[in-house]
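What follows is a single structure, written as structure tokens, with notes after it.
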Amino acid sequence: MQRSFFVYGTLKPGGSNYTSYLAGRTSTEQSAWVTDAALYTPGMYPFLVRDSGLVQPGDQVSGTVITIQSGLYHQIVNLLDELEDYRPGQYDNLYERVILTAQSASGPIDAWTYIAGAQALASIRSGKMRKVDGGVWDNMLER
């Protein structure tokens, strides 16, 4: 099944990795948000987390639900997995790819989402990353 992606950081339209990986390769893009989630960053890119103790009541993450053009789907998913250092079944992934429900103006959408992997969560818990205010990744932070 080809599933949409919820992107919230450098893969959002306007982000550095959007240009490299997604521009001209999507069939739809719509603003969306994930509730009960927060963003943390070491500086150049964010991690979405949903773990208790790291997310406060009312926290949400803003982003975009993108649908990859069907003829490019498997190629782009493989490229995104490589970018996000995600390998199915591995414990030491930088990010994990999971299905989350994003909310949009047209209703809820179940979408693949890259969330913080175990090592990133350990760094966040040890205070090595800061929380991104308001759950909105500003692409200016990439520069």
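Each value in this text was obtained by applying a stated rule to the coordinates, not by laboratory testing. As the structure is a computational prediction, the values presented were derived from the model and not from experiment. Positions of Cβ are backbone-derived with ideal geometry, glycine not excepted, and every protein chain shown enters the neighbour counts.
Starting from the Kirkwood Rh over alpha-carbon pairs, what translational D in µm² s⁻¹ does the chain have by Stokes-Einstein at 25 °C and 0.890 mPa s? Roughly 162 µm²/s, to the nearest whole number. With N counted as the residues of the stretch 1-77, its alpha-carbon radius of gyration over 2.2 N^0.38 Å works out to 1.18. Label-to-label distance, residue 136 versus residue 110, with points set 7 angstrom from Cα along the beta-carbon direction: 3.0 nm.
Taken one residue at a time, the phi angles of the stretch 7-12 give Karplus couplings (6.51, -1.76, 1.60, θ = phi - 60°) of 10, 9, x, 5, 8, 5 Hz. Gly and Pro are set to x.
Taking each residue as 0.36 nm, the span from residue 119 to residue 19 lengthens on full extension beyond its C-alpha to C-alpha distance by 33.3 nm. The angle separating the long axis of helix 73-83 from the principal Cα axis of greatest extent in the chain is about 30 degrees. Arranged by the count of other C-beta atoms within 10 angstrom, fewest first, what order do 26, 101 take? Ascending number of Cβ neighbours within 10 Å: 101, 26. Sort out for me the Cα centre separation of the stretch 101-137 from the stretch 1-78, rounded to whole Å. Cα centres, the stretch 101-137 to the stretch 1-78: 9 Å.
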